[in-house]
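Q: Before we start, here is the structure in question, set down as C-alpha coordinates.
The values are calculated or read from the model by the stated rules, or taken from the named source; none is laboratory data. Computed from a prediction, not measured in an experiment: that's the story for all the values here. Methodologically, a virtual Cβ is constructed for each residue, glycine included, from the backbone with ideal geometry; neighbour enumeration extends over all protein chains shown. Side chains are part of the model used for accessible areas, which takes the heavy atoms of the whole protein and leaves out ligands, DNA and RNA. Shrake-Rupley method; radii C 1.70, N 1.55, O 1.52, S 1.80 Å.
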Amino acid sequence: MICLVLSGSTIEENISQFKRNREYVDLVELRIDLLHESSRSLASKFPDMVDLPVILTCRRQSDGGKYVGSEKSRGALLESCLDGNFAYVDIEDDVKRSAAELKARERKVRIIRSRHDFTGMPSDIFHRISKIAAKGDIPKMAVTPQSVLDLITLFRVKTELAAVGEKIVLGMGDFGFPSRILYKRVGSMLTYCADTPVAPGQISAQKMKELYRADTVDDRTHIFGVIGNPVLHSFSPEIQNPGFKGINFNAIYVPFHVDSVRSFFILAEMIKISGVSVTVPHKQNVLPYLGKITREVKQIGSCNTVVRAKNLWMGTNTDYYGFVDPLLVEIDNKNIQSALVIGAGGAARSVVWALRNHGCKVTIINRNLDRARNLALETMAAFDSLDNATKYEHVDLIVQTTSVGMVPDSDNDPIPDFKFNKQQTVYELVYRPKYTKMLARARESGCKLLFGIDMLIRQGKLQFESFTGYHYPKRLEQTLHLEED
Ligand code: ATR
(Lines give C-alpha, C1' and ligand atoms only; values in the text may rest on other atoms or scores of the structure.)
Protein backbone atom coordinates (compact mmCIF):
# COMPACT_ATOMS: atom_id res chain seq x y z
CA MET A 1 0.00 0.00 0.00
CA ILE A 2 1.09 3.57 -0.64
CA CYS A 3 0.26 5.82 2.29
CA LEU A 4 0.00 9.59 1.90
CA VAL A 5 1.10 11.57 4.94
CA LEU A 6 -1.14 14.63 5.16
CA SER A 7 1.05 17.52 6.18
CA GLY A 8 -1.47 20.39 6.04
CA SER A 9 -2.15 22.67 9.00
CA THR A 10 -5.92 22.75 8.39
CA ILE A 11 -8.50 20.11 7.49
CA GLU A 12 -9.23 21.94 4.21
CA GLU A 13 -5.55 21.85 3.22
CA ASN A 14 -5.46 18.13 3.97
CA ILE A 15 -8.58 17.52 1.92
CA SER A 16 -6.98 19.24 -1.04
CA GLN A 17 -3.73 17.23 -0.59
CA PHE A 18 -5.91 14.13 -0.48
CA LYS A 19 -7.77 15.03 -3.68
CA ARG A 20 -4.53 15.82 -5.53
CA ASN A 21 -3.14 12.40 -4.60
CA ARG A 22 -6.24 10.23 -4.48
CA GLU A 23 -5.40 8.24 -7.59
CA TYR A 24 -1.90 7.34 -6.34
CA VAL A 25 -2.57 6.15 -2.80
CA ASP A 26 -4.31 3.40 -0.85
CA LEU A 27 -4.56 5.01 2.56
CA VAL A 28 -3.69 8.27 4.32
CA GLU A 29 -2.16 9.30 7.62
CA LEU A 30 -3.66 12.28 9.38
CA ARG A 31 -0.92 13.95 11.40
CA ILE A 32 -2.83 15.89 14.03
CA ASP A 33 0.41 17.25 15.48
CA LEU A 34 0.82 19.23 12.24
CA LEU A 35 -2.69 20.70 12.46
CA HIS A 36 -3.30 24.15 13.94
CA GLU A 37 -4.72 23.79 17.41
CA SER A 38 -8.02 25.23 16.22
CA SER A 39 -8.33 22.45 13.59
CA ARG A 40 -7.53 19.56 15.93
CA SER A 41 -11.05 19.38 17.30
CA LEU A 42 -12.30 18.63 13.77
CA ALA A 43 -9.94 15.70 13.28
CA SER A 44 -12.43 13.07 14.42
CA LYS A 45 -14.67 14.03 11.47
CA PHE A 46 -11.89 13.60 8.94
CA PRO A 47 -12.26 9.87 8.17
CA ASP A 48 -15.84 10.48 7.02
CA MET A 49 -14.67 13.14 4.57
CA VAL A 50 -12.44 10.76 2.58
CA ASP A 51 -13.03 7.40 0.93
CA LEU A 52 -9.83 5.68 2.09
CA PRO A 53 -8.70 4.20 5.42
CA VAL A 54 -7.06 6.76 7.69
CA ILE A 55 -4.24 6.37 10.22
CA LEU A 56 -4.49 8.69 13.21
CA THR A 57 -1.11 9.95 14.41
CA CYS A 58 -0.01 12.63 16.86
CA ARG A 59 3.76 12.68 16.72
CA ARG A 60 5.75 14.22 19.57
CA GLN A 61 8.87 16.29 18.87
CA SER A 62 11.35 13.62 19.97
CA ASP A 63 10.02 11.37 17.18
CA GLY A 64 10.21 14.04 14.49
CA GLY A 65 6.72 15.46 15.10
CA LYS A 66 5.41 18.89 16.04
CA TYR A 67 3.37 18.12 19.17
CA VAL A 68 4.74 20.17 22.07
CA GLY A 69 2.25 19.58 24.92
CA SER A 70 2.59 17.07 27.75
CA GLU A 71 2.25 13.32 27.21
CA LYS A 72 -0.96 13.46 29.19
CA SER A 73 -2.52 16.03 26.88
CA ARG A 74 -1.29 14.17 23.80
CA GLY A 75 -2.94 10.99 25.07
CA ALA A 76 -6.17 12.86 25.76
CA LEU A 77 -6.16 14.38 22.28
CA LEU A 78 -5.65 10.98 20.63
CA GLU A 79 -8.39 9.51 22.76
CA SER A 80 -10.91 12.17 21.82
CA CYS A 81 -10.03 11.91 18.11
CA LEU A 82 -10.72 8.19 18.31
CA ASP A 83 -14.43 9.05 18.34
CA GLY A 84 -13.91 9.25 14.57
CA ASN A 85 -13.83 6.29 12.22
CA PHE A 86 -10.09 5.79 11.94
CA ALA A 87 -8.82 2.48 10.60
CA TYR A 88 -5.49 2.65 12.46
CA VAL A 89 -3.94 4.63 15.26
CA ASP A 90 -0.18 5.06 15.60
CA ILE A 91 1.02 4.84 19.22
CA GLU A 92 4.74 4.86 19.98
CA ASP A 93 6.08 1.60 21.42
CA ASP A 94 7.18 3.17 24.71
CA VAL A 95 3.70 4.53 25.52
CA LYS A 96 2.23 2.05 27.97
CA ARG A 97 -1.44 1.28 28.69
CA SER A 98 -2.80 4.62 27.56
CA ALA A 99 -6.50 5.50 27.52
CA ALA A 100 -6.15 5.94 23.75
CA GLU A 101 -4.95 2.35 23.45
CA LEU A 102 -7.92 1.06 25.44
CA LYS A 103 -10.36 3.06 23.38
CA ALA A 104 -8.72 1.90 20.13
CA ARG A 105 -9.10 -1.73 21.19
CA GLU A 106 -12.70 -1.16 22.20
CA ARG A 107 -13.50 0.44 18.85
CA LYS A 108 -11.51 -2.19 16.91
CA VAL A 109 -9.06 0.35 15.53
CA ARG A 110 -5.80 -1.41 14.62
CA ILE A 111 -2.82 -0.18 16.63
CA ILE A 112 0.46 0.58 14.89
CA ARG A 113 3.26 0.44 17.47
CA SER A 114 5.94 2.73 16.15
CA ARG A 115 9.54 3.35 16.92
CA HIS A 116 11.60 6.11 15.30
CA ASP A 117 15.35 6.31 15.25
CA PHE A 118 16.77 9.31 13.41
CA THR A 119 20.40 8.50 14.08
CA GLY A 120 20.74 4.77 13.53
CA MET A 121 19.10 1.38 13.91
CA PRO A 122 18.00 -0.30 17.16
CA SER A 123 20.34 -3.25 17.73
CA ASP A 124 17.36 -5.46 18.58
CA ILE A 125 15.18 -4.46 15.65
CA PHE A 126 14.06 -8.03 14.76
CA HIS A 127 13.20 -8.81 18.37
CA ARG A 128 11.18 -5.61 18.74
CA ILE A 129 9.17 -6.41 15.63
CA SER A 130 8.30 -9.95 16.81
CA LYS A 131 7.44 -8.79 20.32
CA ILE A 132 4.96 -6.18 19.11
CA ALA A 133 3.46 -8.57 16.56
CA ALA A 134 2.97 -11.22 19.25
CA LYS A 135 0.57 -8.83 20.99
CA GLY A 136 -1.51 -8.51 17.85
CA ASP A 137 -0.41 -4.96 17.04
CA ILE A 138 1.33 -3.80 13.87
CA PRO A 139 5.02 -3.09 14.46
CA LYS A 140 6.45 -0.01 12.74
CA MET A 141 10.21 0.58 12.64
CA ALA A 142 11.28 3.87 11.06
CA VAL A 143 15.04 3.79 11.38
CA THR A 144 18.07 5.47 9.82
CA PRO A 145 20.61 3.13 8.20
CA GLN A 146 24.12 4.56 8.35
CA SER A 147 25.66 2.28 5.75
CA VAL A 148 24.82 -0.29 3.09
CA LEU A 149 25.38 -2.95 5.78
CA ASP A 150 22.53 -1.41 7.81
CA LEU A 151 20.37 -1.48 4.69
CA ILE A 152 21.14 -5.19 4.34
CA THR A 153 19.74 -5.70 7.86
CA LEU A 154 16.49 -4.04 6.77
CA PHE A 155 16.21 -6.23 3.69
CA ARG A 156 16.71 -9.30 5.90
CA VAL A 157 13.46 -8.48 7.73
CA LYS A 158 11.41 -10.00 4.91
CA THR A 159 12.88 -13.48 5.28
CA GLU A 160 13.77 -13.46 8.98
CA LEU A 161 10.34 -12.23 10.00
CA ALA A 162 8.26 -13.81 7.27
CA ALA A 163 5.92 -15.10 9.97
CA VAL A 164 4.93 -11.55 10.91
CA GLY A 165 2.24 -10.75 8.37
CA GLU A 166 1.60 -7.09 9.01
CA LYS A 167 4.54 -4.84 9.70
CA ILE A 168 5.89 -1.49 8.62
CA VAL A 169 9.61 -1.18 8.09
CA LEU A 170 11.36 1.73 6.49
CA GLY A 171 14.81 3.23 6.29
CA MET A 172 14.99 7.01 6.42
CA GLY A 173 17.73 9.17 4.91
CA ASP A 174 19.99 8.48 1.92
CA PHE A 175 21.05 4.93 2.82
CA GLY A 176 17.47 3.97 3.62
CA PHE A 177 15.94 5.32 0.41
CA PRO A 178 15.81 1.99 -1.50
CA SER A 179 13.76 0.48 1.33
CA ARG A 180 11.05 3.09 0.76
CA ILE A 181 10.80 2.18 -2.93
CA LEU A 182 11.35 -1.57 -2.51
CA TYR A 183 9.08 -1.70 0.55
CA LYS A 184 7.58 -4.96 -0.62
CA ARG A 185 11.03 -6.56 -0.74
CA VAL A 186 11.63 -5.40 2.83
CA GLY A 187 8.38 -7.05 3.86
CA SER A 188 6.70 -3.79 4.76
CA MET A 189 2.93 -3.55 4.29
CA LEU A 190 3.18 0.09 3.25
CA THR A 191 5.44 2.97 2.29
CA TYR A 192 4.91 6.62 3.21
CA CYS A 193 4.81 9.50 0.74
CA ALA A 194 4.10 13.19 1.12
CA ASP A 195 3.66 16.35 -0.95
CA THR A 196 6.03 18.11 1.47
CA PRO A 197 8.42 15.58 3.02
CA VAL A 198 7.84 15.25 6.77
CA ALA A 199 10.62 12.65 7.22
CA PRO A 200 14.04 12.29 5.56
CA GLY A 201 13.79 10.61 2.15
CA GLN A 202 10.04 10.86 1.56
CA ILE A 203 8.99 11.42 -2.05
CA SER A 204 5.67 12.36 -3.61
CA ALA A 205 2.97 9.74 -4.05
CA GLN A 206 2.87 10.44 -7.76
CA LYS A 207 6.57 9.64 -8.11
CA MET A 208 6.17 6.48 -6.03
CA LYS A 209 3.22 5.26 -8.08
CA GLU A 210 3.97 6.50 -11.60
CA LEU A 211 7.76 6.68 -11.82
CA TYR A 212 8.73 3.75 -9.57
CA ARG A 213 5.47 1.76 -9.73
CA ALA A 214 6.55 0.54 -6.28
CA ASP A 215 3.21 -1.13 -5.57
CA THR A 216 3.54 -3.39 -8.62
CA VAL A 217 6.79 -5.01 -7.43
CA ASP A 218 6.31 -8.76 -7.05
CA ASP A 219 8.59 -11.74 -6.60
CA ARG A 220 9.53 -11.75 -10.26
CA THR A 221 10.38 -8.05 -10.57
CA HIS A 222 13.96 -7.47 -11.75
CA ILE A 223 15.76 -4.93 -9.59
CA PHE A 224 18.14 -2.46 -11.23
CA GLY A 225 19.66 0.68 -9.82
CA VAL A 226 22.31 3.31 -9.79
CA ILE A 227 25.07 3.29 -7.19
CA GLY A 228 26.92 6.47 -6.23
CA ASN A 229 27.59 8.87 -3.41
CA PRO A 230 25.71 11.17 -3.55
CA VAL A 231 23.13 9.62 -5.85
CA LEU A 232 19.60 10.60 -4.86
CA HIS A 233 19.44 13.41 -7.41
CA SER A 234 20.47 11.17 -10.29
CA PHE A 235 18.44 11.61 -13.47
CA SER A 236 18.86 7.92 -14.41
CA PRO A 237 15.66 6.62 -12.67
CA GLU A 238 13.71 9.01 -14.95
CA ILE A 239 15.32 7.37 -17.99
CA GLN A 240 15.18 3.70 -17.00
CA ASN A 241 11.83 3.35 -15.18
CA PRO A 242 9.65 4.81 -17.98
CA GLY A 243 11.63 2.64 -20.43
CA PHE A 244 10.78 -0.54 -18.49
CA LYS A 245 7.13 0.48 -18.42
CA GLY A 246 7.27 1.28 -22.15
CA ILE A 247 8.29 -2.27 -23.06
CA ASN A 248 6.23 -3.97 -20.34
CA PHE A 249 9.34 -5.25 -18.62
CA ASN A 250 8.73 -6.23 -15.00
CA ALA A 251 11.59 -4.23 -13.51
CA ILE A 252 12.34 -1.30 -11.22
CA TYR A 253 15.33 1.05 -11.10
CA VAL A 254 16.31 2.51 -7.73
CA PRO A 255 19.08 4.86 -6.52
CA PHE A 256 21.41 3.24 -3.95
CA HIS A 257 23.55 5.55 -1.82
CA VAL A 258 26.70 3.45 -1.45
CA ASP A 259 29.55 3.89 1.02
CA SER A 260 31.20 0.55 0.34
CA VAL A 261 31.06 -1.22 -3.02
CA ARG A 262 31.97 -4.45 -1.27
CA SER A 263 28.85 -4.25 0.91
CA PHE A 264 26.80 -3.31 -2.09
CA PHE A 265 27.74 -6.50 -3.94
CA ILE A 266 26.68 -8.51 -0.87
CA LEU A 267 23.31 -6.74 -0.98
CA ALA A 268 23.14 -7.27 -4.74
CA GLU A 269 23.53 -11.04 -4.28
CA MET A 270 21.08 -11.10 -1.42
CA ILE A 271 18.20 -9.29 -3.12
CA LYS A 272 19.18 -10.53 -6.59
CA ILE A 273 19.91 -7.23 -8.25
CA SER A 274 20.10 -7.71 -12.02
CA GLY A 275 22.26 -4.74 -12.94
CA VAL A 276 23.36 -1.25 -11.97
CA SER A 277 24.58 2.01 -13.37
CA VAL A 278 27.68 3.21 -11.58
CA THR A 279 28.42 6.83 -10.91
CA VAL A 280 30.92 8.98 -9.01
CA PRO A 281 32.90 7.93 -6.95
CA HIS A 282 32.53 4.21 -7.69
CA LYS A 283 33.40 3.84 -11.39
CA GLN A 284 36.85 2.48 -10.49
CA ASN A 285 35.83 0.89 -7.18
CA VAL A 286 33.61 -1.71 -8.88
CA LEU A 287 36.42 -3.15 -11.03
CA PRO A 288 37.60 -5.84 -8.55
CA TYR A 289 34.11 -7.35 -8.50
CA LEU A 290 33.75 -7.80 -12.24
CA GLY A 291 34.27 -11.24 -13.75
CA LYS A 292 34.20 -9.90 -17.27
CA ILE A 293 34.95 -6.46 -18.70
CA THR A 294 34.93 -4.94 -22.16
CA ARG A 295 37.94 -3.52 -23.97
CA GLU A 296 36.90 0.06 -23.10
CA VAL A 297 36.57 -0.69 -19.39
CA LYS A 298 40.03 -2.21 -19.39
CA GLN A 299 41.54 0.68 -21.30
CA ILE A 300 39.82 3.52 -19.41
CA GLY A 301 39.93 1.78 -16.03
CA SER A 302 36.37 2.88 -15.40
CA CYS A 303 33.04 1.10 -15.57
CA ASN A 304 29.60 2.74 -15.49
CA THR A 305 27.39 -0.29 -16.20
CA VAL A 306 27.30 -3.62 -14.39
CA VAL A 307 25.00 -6.47 -15.38
CA ARG A 308 24.54 -9.93 -14.03
CA ALA A 309 25.70 -12.55 -16.51
CA LYS A 310 25.24 -16.20 -15.57
CA ASN A 311 27.67 -16.58 -12.66
CA LEU A 312 29.49 -13.31 -12.72
CA TRP A 313 29.15 -9.55 -12.98
CA MET A 314 29.97 -8.06 -16.33
CA GLY A 315 31.19 -4.45 -16.66
CA THR A 316 30.81 -2.15 -19.64
CA ASN A 317 31.28 1.55 -20.23
CA THR A 318 28.40 3.29 -21.97
CA ASP A 319 29.85 6.77 -21.23
CA TYR A 320 32.40 5.99 -23.90
CA TYR A 321 29.83 5.32 -26.65
CA GLY A 322 27.35 7.88 -25.36
CA PHE A 323 30.10 10.45 -25.78
CA VAL A 324 31.57 9.44 -29.12
CA ASP A 325 28.47 8.41 -31.12
CA PRO A 326 27.45 11.89 -32.36
CA LEU A 327 31.04 12.60 -33.46
CA LEU A 328 31.64 9.52 -35.58
CA VAL A 329 30.38 10.91 -38.90
CA GLU A 330 32.40 14.12 -38.55
CA ILE A 331 35.49 12.17 -37.53
CA ASP A 332 35.05 9.79 -40.46
CA ASN A 333 34.76 12.56 -43.02
CA LYS A 334 37.74 14.33 -41.45
CA ASN A 335 35.84 17.43 -40.32
CA ILE A 336 37.06 16.62 -36.82
CA GLN A 337 40.74 15.77 -36.64
CA SER A 338 41.97 17.75 -33.64
CA ALA A 339 40.44 18.25 -30.21
CA LEU A 340 40.99 20.25 -27.06
CA VAL A 341 39.78 18.46 -23.93
CA ILE A 342 39.27 20.64 -20.86
CA GLY A 343 39.84 18.65 -17.67
CA ALA A 344 41.75 15.50 -16.75
CA GLY A 345 39.43 13.79 -14.26
CA GLY A 346 37.27 10.69 -14.52
CA ALA A 347 34.98 12.02 -17.25
CA ALA A 348 37.96 13.21 -19.32
CA ARG A 349 39.45 9.70 -19.31
CA SER A 350 36.56 8.22 -21.35
CA VAL A 351 36.54 11.25 -23.66
CA VAL A 352 40.27 11.24 -24.40
CA TRP A 353 40.41 7.49 -24.95
CA ALA A 354 37.41 7.57 -27.28
CA LEU A 355 38.92 10.39 -29.35
CA ARG A 356 42.36 8.78 -29.47
CA ASN A 357 40.91 5.40 -30.46
CA HIS A 358 39.26 7.15 -33.41
CA GLY A 359 42.48 8.80 -34.50
CA CYS A 360 41.93 12.35 -33.24
CA LYS A 361 44.85 14.51 -32.20
CA VAL A 362 44.08 15.53 -28.62
CA THR A 363 45.43 18.20 -26.28
CA ILE A 364 44.37 17.96 -22.65
CA ILE A 365 44.35 21.19 -20.66
CA ASN A 366 43.85 21.12 -16.92
CA ARG A 367 44.25 23.29 -13.83
CA ASN A 368 46.46 20.63 -12.26
CA LEU A 369 49.21 20.05 -14.83
CA ASP A 370 50.37 16.74 -13.33
CA ARG A 371 46.97 15.17 -13.86
CA ALA A 372 46.93 16.40 -17.47
CA ARG A 373 50.42 14.99 -18.00
CA ASN A 374 49.52 11.58 -16.57
CA LEU A 375 46.44 11.17 -18.72
CA ALA A 376 48.30 12.47 -21.77
CA LEU A 377 51.17 9.99 -21.30
CA GLU A 378 48.75 7.12 -21.01
CA THR A 379 46.70 8.06 -24.06
CA MET A 380 49.50 9.48 -26.22
CA ALA A 381 47.90 12.91 -26.22
CA ALA A 382 49.46 16.35 -25.71
CA PHE A 383 48.85 18.42 -22.58
CA ASP A 384 49.07 21.97 -21.32
CA SER A 385 47.89 24.20 -18.52
CA LEU A 386 44.33 25.51 -18.46
CA ASP A 387 45.76 29.04 -18.58
CA ASN A 388 47.12 28.38 -22.08
CA ALA A 389 43.72 27.53 -23.58
CA THR A 390 43.89 30.35 -26.16
CA LYS A 391 46.91 28.68 -27.82
CA TYR A 392 44.48 26.05 -29.15
CA GLU A 393 41.81 28.23 -30.79
CA HIS A 394 42.37 26.46 -34.14
CA VAL A 395 41.13 22.97 -33.06
CA ASP A 396 38.08 21.31 -34.68
CA LEU A 397 36.48 20.13 -31.45
CA ILE A 398 36.38 21.47 -27.89
CA VAL A 399 35.18 19.14 -25.13
CA GLN A 400 34.45 20.51 -21.65
CA THR A 401 34.61 17.80 -18.97
CA THR A 402 35.12 19.75 -15.71
CA SER A 403 32.42 20.80 -13.26
CA VAL A 404 33.11 24.49 -13.97
CA GLY A 405 29.84 26.10 -15.11
CA MET A 406 27.62 23.49 -13.51
CA VAL A 407 24.89 24.70 -11.14
CA PRO A 408 25.45 26.33 -8.65
CA ASP A 409 28.67 27.49 -10.36
CA SER A 410 26.82 28.58 -13.52
CA ASP A 411 28.46 32.04 -13.70
CA ASN A 412 31.84 30.49 -14.44
CA ASP A 413 33.51 29.65 -17.72
CA PRO A 414 36.64 27.43 -17.66
CA ILE A 415 38.12 29.18 -20.73
CA PRO A 416 36.73 32.75 -20.58
CA ASP A 417 39.24 34.24 -23.09
CA PHE A 418 38.98 31.45 -25.69
CA LYS A 419 37.56 32.68 -29.02
CA PHE A 420 35.39 30.13 -30.83
CA ASN A 421 34.86 30.06 -34.59
CA LYS A 422 31.85 28.76 -36.45
CA GLN A 423 33.64 25.78 -37.99
CA GLN A 424 34.09 24.30 -34.53
CA THR A 425 32.06 21.72 -32.65
CA VAL A 426 31.72 22.43 -28.93
CA TYR A 427 30.77 19.55 -26.66
CA GLU A 428 29.77 20.33 -23.08
CA LEU A 429 29.45 17.42 -20.64
CA VAL A 430 27.75 19.50 -17.94
CA TYR A 431 23.97 19.15 -18.27
CA ARG A 432 22.69 21.52 -15.60
CA PRO A 433 22.24 24.14 -16.99
CA LYS A 434 21.78 23.00 -20.57
CA TYR A 435 23.52 26.15 -21.85
CA THR A 436 26.53 26.74 -19.63
CA LYS A 437 28.24 30.10 -19.89
CA MET A 438 30.85 28.56 -22.19
CA LEU A 439 28.26 26.89 -24.40
CA ALA A 440 26.24 30.12 -24.66
CA ARG A 441 29.39 31.86 -26.00
CA ALA A 442 29.96 29.05 -28.48
CA ARG A 443 26.35 29.39 -29.65
CA GLU A 444 26.91 33.12 -30.30
CA SER A 445 29.95 32.25 -32.41
CA GLY A 446 27.80 29.91 -34.52
CA CYS A 447 29.53 26.69 -33.42
CA LYS A 448 27.89 23.30 -33.68
CA LEU A 449 26.81 22.39 -30.13
CA LEU A 450 26.60 19.04 -28.38
CA PHE A 451 24.86 18.90 -25.00
CA GLY A 452 25.60 17.01 -21.81
CA ILE A 453 21.96 16.03 -21.39
CA ASP A 454 21.95 14.30 -24.77
CA MET A 455 25.09 12.37 -23.87
CA LEU A 456 23.50 11.37 -20.57
CA ILE A 457 20.42 10.11 -22.40
CA ARG A 458 22.50 8.24 -25.02
CA GLN A 459 24.52 6.43 -22.37
CA GLY A 460 21.30 5.69 -20.47
CA LYS A 461 19.69 4.19 -23.56
CA LEU A 462 22.72 1.95 -24.03
CA GLN A 463 22.46 0.87 -20.39
CA PHE A 464 18.80 0.08 -20.97
CA GLU A 465 19.84 -2.23 -23.82
CA SER A 466 22.36 -4.01 -21.56
CA PHE A 467 19.76 -4.33 -18.82
CA THR A 468 16.81 -5.54 -20.88
CA GLY A 469 18.14 -6.75 -24.23
CA TYR A 470 15.70 -4.37 -25.96
CA HIS A 471 16.07 -0.96 -27.60
CA TYR A 472 14.87 2.02 -25.62
CA PRO A 473 11.30 2.84 -26.78
CA LYS A 474 11.60 5.57 -29.44
CA ARG A 475 8.37 7.30 -28.49
CA LEU A 476 9.72 8.06 -25.00
CA GLU A 477 12.88 9.77 -26.16
CA GLN A 478 11.39 13.22 -26.62
CA THR A 479 10.02 13.16 -23.07
CA LEU A 480 13.54 12.77 -21.65
CA HIS A 481 14.45 16.39 -21.20
CA LEU A 482 15.11 18.49 -18.17
CA GLU A 483 12.72 21.34 -17.48
CA GLU A 484 14.88 24.31 -18.38
CA ASP A 485 16.05 26.49 -21.26
P1 ATR B 1 34.84 13.89 -13.10
O2 ATR B 1 34.74 12.43 -12.87
O3 ATR B 1 33.50 14.59 -13.21
O4 ATR B 1 35.72 14.23 -14.24
P5 ATR B 1 36.96 14.54 -11.29
O6 ATR B 1 37.66 13.29 -11.61
O7 ATR B 1 36.93 15.02 -9.87
O8 ATR B 1 35.45 14.52 -11.77
O9 ATR B 1 37.61 15.69 -12.21
C10 ATR B 1 37.20 17.01 -12.12
C11 ATR B 1 37.87 17.82 -13.22
O12 ATR B 1 37.36 19.15 -13.13
C13 ATR B 1 39.38 17.92 -13.06
O14 ATR B 1 39.95 18.09 -14.33
C15 ATR B 1 39.50 19.21 -12.24
O16 ATR B 1 40.72 19.87 -12.37
P17 ATR B 1 41.96 19.50 -11.39
O18 ATR B 1 42.50 18.20 -11.89
O19 ATR B 1 42.89 20.63 -11.59
O20 ATR B 1 41.38 19.42 -10.01
C21 ATR B 1 38.43 20.05 -12.89
N22 ATR B 1 37.99 21.13 -12.05
C23 ATR B 1 37.16 21.07 -11.00
N24 ATR B 1 36.96 22.30 -10.47
C25 ATR B 1 37.69 23.16 -11.22
C26 ATR B 1 37.90 24.57 -11.20
N27 ATR B 1 37.29 25.35 -10.29
N28 ATR B 1 38.69 25.10 -12.13
C29 ATR B 1 39.30 24.35 -13.06
N30 ATR B 1 39.15 23.00 -13.14
C31 ATR B 1 38.36 22.42 -12.24
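Q: Out of all DSSP beta bridges with both ends in the chain, state the antiparallel percent to the nearest 5.
A: For the chain, the DSSP antiparallel bridge percentage is about 10.
Q: Placing one identical point scatterer on every Cα of region 1-110 and ignoring solvent, what is log10 I(q)/I(0) from the Debye formula at q = 0.11, 0.22 Å⁻¹?
A: Per q value, in the given order, log10 I(q)/I(0) is -0.30, -1.26.
Q: Determine the per residue accessible area of region 391-485 with all protein chains present and a 1.4 angstrom probe, expressed in square angstrom.
A: 52
Q: Where only protein heavy atoms count, and the probe is 1.4 Å, what is the accessible area per residue for region 2-217 in Å²?
A: Per residue, region 2-217 has an accessible area of 41 Å².
Q: Quick one: with all protein chains in place, what share of the accessible area of the chain is carbon or sulfur, to the nearest percent (1.4 Å probe)?
A: Carbon and sulfur: 50 percent of the exposed surface of the chain.
Q: Per 5 Å bin, what percent of the C-alpha pairs of region 142-207 does each bin hold, from zero upward?
A: 3, 20, 30, 25, 14, 7, 1
Q: Taking a probe of 1.4 angstrom, what is the accessible area of residue 115 in Å², to the nearest 10?
A: Its heavy atoms expose roughly 70 Å² to the probe.
Q: Go through region 109-121 residue by residue and turn each phi into a ³J(HN,Hα) via Karplus (6.51, -1.76, 1.60, θ = phi - 60°); whole Hz please, and just put x for glycine and proline.
A: So the J values, rounded to whole Hz, are 8, 5, 9, 9, 9, 9, 9, 10, 9, 8, 10, x, 10.
Q: Using amide H atoms built 1.01 Å from N in the peptide plane, name the residues 5+ places from residue 303, or on other chains, whose amide H lies under 5 Å from its own.
A: Excluding prolines and chain starts, which carry no amide H, the hits are 284.
Q: Here's something else I'd like to know. Hey, which of these cross-link pairs are over 18 Å Cα-Cα: 96/140; 184/283; 207/461; 245/310?
A: In this structure, 184/283; 207/461; 245/310 lie more than 18 Å apart at Cα.
Q: List the aspartates and glutamates whose Cα lies under 16 Å from the Cα of residue 209, skipping any in the same chain that are fewer than 8 positions away.
A: 23, 26, 195, 218, 238
Q: If you don't mind, there's one more thing I want to ask. Taking a point 7 angstrom from the Cα of residue 338 along the C-beta vector, which residues in region 419-434 have backbone N less than 18 Å away?
A: Of the residues in region 419-434, 419-427 have backbone N under 18 Å from the label point off residue 338.
Q: Taking the Cα centre of region 322-450 as origin, sum charge times position over the Cβ atoms of Lys and Arg (+1) and Asp and Glu (-1), and report the length of that vector in debye to the nearest 20.
A: 100
Q: Then there's this: Amide H to amide H, which residues 5 or more places from residue 361 or on other chains are under 5 Å from it, using H placed in the peptide plane?
A: 338, 339
Q: For a quick check: with amide H placed at 1.01 Å from N, whose amide H comes under 5 Å from residue 383's, ignoring anything fewer than 5 positions away on the same chain?
A: 364
Q: In whole Å, what is the distance between the alpha-carbon centres of region 223-238 and region 178-215?
A: 15
Q: If I histogram all Cα-Cα distances within region 322-450 using bins 5 Å wide from 0, what percent of pairs lands in each bin?
A: The distribution over region 322-450 is 2, 12, 24, 25, 22, 12, 3, 0, given as percents.
Q: Oh, and also: What are the ³J(HN,Hα) couplings of region 127-133, residue after residue, when phi is run through the Karplus curve with 6.51, -1.76, 1.60 and θ = phi - 60°? Round to Hz, x for glycine and proline.
A: 4, 4, 4, 5, 5, 5, 4
Q: Roughly what angle does helix 236-246 make with the longest principal axis of the chain, taking Cα atoms, 0 to 90 degrees, to the nearest 10?
A: Tilt relative to the chain: about 80 degrees.
Q: Percent relative contact order of region 322-450, based on C-alpha pairs within less than 8 angstrom and at least six residues apart?
A: Value for region 322-450: 21 percent.
Q: Is there a quick way to get the dipole size of region 2-217? I mean about its Cα centre, with the Cβ of Lys and Arg at +1 and of Asp and Glu at -1; what is the value in debye to the nearest 20?
A: Roughly 400 debye for region 2-217.
Q: Nearest 10 degrees, 0 to 90: what angle lies between the long axis of helix 11-21 and the longest principal axis of the chain (Cα atoms)?
A: The two axes meet at around 50 degrees.
Q: Quick check on region 140-291: take the gyration tensor over C-alpha atoms, sort the square-rooted eigenvalues as a ≥ b ≥ c, and tell me if it's rounded (a/c under 1.5), prolate or oblate.
A: It is rounded, given that a/c, with a ≥ b ≥ c, falls under 1.5.
Q: Separate question: Go through region 32-37 residue by residue and turn each phi into a ³J(HN,Hα) via Karplus (6.51, -1.76, 1.60, θ = phi - 60°); whole Hz please, and just put x for glycine and proline.
A: 6, 5, 8, 6, 4, 3
Q: Among 445, 338, what's the order by accessible area (1.4 angstrom probe), most exposed first?
A: 445, 338
Q: Apply the Debye scattering formula to the chain, with a single equal point scatterer on each alpha-carbon and no solvent, then give log10 I(q)/I(0) at q = 0.07, 0.08, 0.10 Å⁻¹.
A: Debye intensities relative to I(0), on a log10 scale: -0.46, -0.59, -0.82.
Q: Would you list which aspartates and glutamates come within 20 Å of residue 334, measuring only between C-alpha atoms, while excluding same-chain residues fewer than 8 positions from it?
A: 325, 393, 396
Q: While we're here: Please give the charge dipole size of region 1-100, origin at the Cα centre, charges +1 on K and R Cβ atoms and -1 on D and E Cβ atoms. Round to the nearest 20 debye.
A: 200
Q: Now, a different point. Identify all lysines with a Cα-Cα distance to residue 437 below 18 Å; exclude those on the same chain that are fewer than 8 residues away in sequence.
A: Those lysines meeting the cut-off are 419, 422, 448.
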